[in-house]
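Let me begin by presenting the structure, written as structure tokens, before commenting on it.
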Amino acid sequence: MSRYDFAAPRLYVNPPLAQAAQIALDQAQVNYVRNVLRLSKGARILVFNGRDGEWETRVATSNRKNVTLAVDKLTRSQEPRPDLHYLFAPLKQARQDYMVEKAVEMGAGLLRPVLTRRTQTSRINRERMHAHAIVAAEQCGILSIPEIAPAIRLDALLGAWDNDRLLVFCDEDAPASDPLAALRSRADAKGPPALAVLIGPEGGFDDREREVLLGLPPVLRLPLGPRILRADTAAVAALALVQAALGDWRG
């Protein structure tokens, strides 16, 4: 049996969740429940808030302006936020929206824009990122909403790096090698290490940035095969490799 119930609609809500609680939906959610899902009184909806687990609710009241959910029972206990940081040079809006959603699906617990010398855009909308993270969590049975950290310059990020966290940075100029073998060489029998994955801008890291990155003690320079990947594609490829070799995909 699947761990998740994908047949039931699923919503992120902000209020605390507990048995017999009443949850009033916001206007956008009212429209979604009534006009998109076309759910009526008594319909079943799963809800989560990133803190109290996932709960089964039913539509208790429904009219044009208000929908209230009655919380019935806990379906899944809260899981801790994954200790995987996803660090990325900002992209143009549509591609960044896609990248944020995929990073959440792949198990990132923190998302942080990183400004490099070749970053194409410095316009960052953290509220938009948070909204897309919620969409990904709603659709994929995820219980924890990742933290959306403020943007930081690459030099400041590296200058304050926690040496207990392995930094995997993807570099098109890395010597050709087996990326899975390189990652598995850092595996810890005690369990997944604290991890961060860094994806640079479309133009890659410049020589000085690469020099500083390689000077960090807990760093792994990772090639991503013989083809040049766009940044959003590289994100999915890198996170999949990291989760398979070091993260929570390991059996």
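Other residues with beta-carbon under 12 Å from the beta-carbon of Lys102 carry, at +1 per Lys or Arg and -1 per Asp or Glu, a net charge of -3.
Place a +1 charge on the Cβ of each Lys and Arg in the stretch 41-120 and a -1 charge on the Cβ of each Asp and Glu, then give the dipole magnitude about the Cα centre in debye, rounded to the nearest 20. Let's see the in-between values first.
Numbers: 15 positive and 9 negative charges, 84 e Å.
Its charge dipole is roughly 400 debye.
The C-alpha radius of gyration of the stretch 10-76, expressed as a fraction of 2.2 N^0.38 Å, stands at 0.99.
Projecting the Cα positions of Val135, Leu154, Tyr98 onto the charge dipole of the stretch 82-155 (unit charges on Cβ atoms of Lys, Arg, Asp and Glu, taken about the Cα centre) puts Leu154 furthest along the positive direction. Sorting Asp97, Asp207 by the number of Cβ atoms found within 10 Å of their own Cβ, with the fewest placed first, yields Asp207, Asp97.
Could you compute the FRET efficiency for Asp207 and Asp83, with r as their C-beta to C-beta distance and R0 at 30 Å, rounded to 0.05? Walk me through the numbers before you get to the answer.
Details: r = 31 Å, r/R0 = 1.04.
It comes out at approximately 0.45.
Extending 7 Å from Cα along the Cβ direction at Asp173 and again at Trp161 yields two label points whose distance is 1.6 nm.
The simple spin-label model puts a point 7 Å past each Cα toward its Cβ; for Leu214 and Ala60 those points are separated by 6.2 nm.
For a quick check: sort Arg126, Arg64 by the number of other beta carbons within 10 angstrom, fewest at the front.
On the way: Arg126 14, Arg64 9.
The order, fewest Cβ neighbours first, is Arg64, Arg126.
Quick one: grab the alpha carbon gyration tensor of the stretch 163-246, order the square roots of its eigenvalues as a ≥ b ≥ c, and give me rounded if a/c is under 1.5, else prolate or oblate depending on whether a/b is larger than b/c.
Working: a/c = 1.80, a/b = 1.29, b/c = 1.39.
Oblate shape, in that a/c is at least 1.5 and b/c is the bigger or equal ratio.
Mind running the shape call on the chain? Use the C-alpha gyration tensor, a ≥ b ≥ c as the square roots of the eigenvalues: rounded below 1.5 for a/c, prolate if a/b tops b/c, oblate otherwise. Since a/c reaches 1.5 and a/b is larger than b/c, the shape of the chain is classed as prolate. For Lys92, the aspartates and glutamates whose Cα comes closer than 13 Å to its Cα, not counting residues fewer than 8 places off in the same chain, are Glu202, Asp232.
Translational diffusion coefficient, Stokes-Einstein: compute it for the stretch 27-124 using the Kirkwood radius over C-alpha pairs as Rh, at 10 °C and 1.306 mPa s, and state it as an integer in µm² s⁻¹. Intermediate values should be presented prior to the final figure.
Values: Rh = 16.4 Å.
Estimated diffusion coefficient is 97 µm²/s.
Would you kindly state how much longer the chain becomes between Arg38 and Phe6 on full extension, computed as 0.36 nm times their sequence separation minus their alpha carbon distance, in nm to one decimal?
Numbers: separation 32, 0.36 × 32 = 11.52 nm, distance 1.73 nm.
Using 0.36 nm per residue and subtracting the Cα-Cα distance, I get 9.8 nm.
Counted by Cβ distance under 13 Å from Gln29, the other residues give a net charge of +1, where Lys and Arg count +1 and Asp and Glu count -1.
What does the charge count near Val212 come to, summing +1 for each Lys or Arg and -1 for each Asp or Glu among other residues with Cβ under 14 Å from its Cβ? Before the final figure, lay out each step's value.
Values: positive: Arg117, Arg153, Arg208, Arg210, Arg221; negative: Asp155, Asp171, Asp206, Asp207, Glu209, Glu211.
Spelling it out: positives minus negatives among the neighbours equals -1.
Arranged by the count of other C-beta atoms within 10 angstrom, fewest first, what order do Trp161, Trp55 take?
Working: Trp161 15, Trp55 23.
The most exposed by this proxy come first: Trp161, Trp55.
From the alpha carbon centroid of the stretch 130-183 to that of the stretch 1-77 is 31 Å.
Every number here is computed from the coordinates shown, using simple stated rules; none is lab data. Remember, it's a predicted structure, so these values are computed and weren't measured experimentally. With ideal geometry, Cβ positions are generated from the backbone for all residues, glycine too; neighbour counts draw on all protein chains shown.
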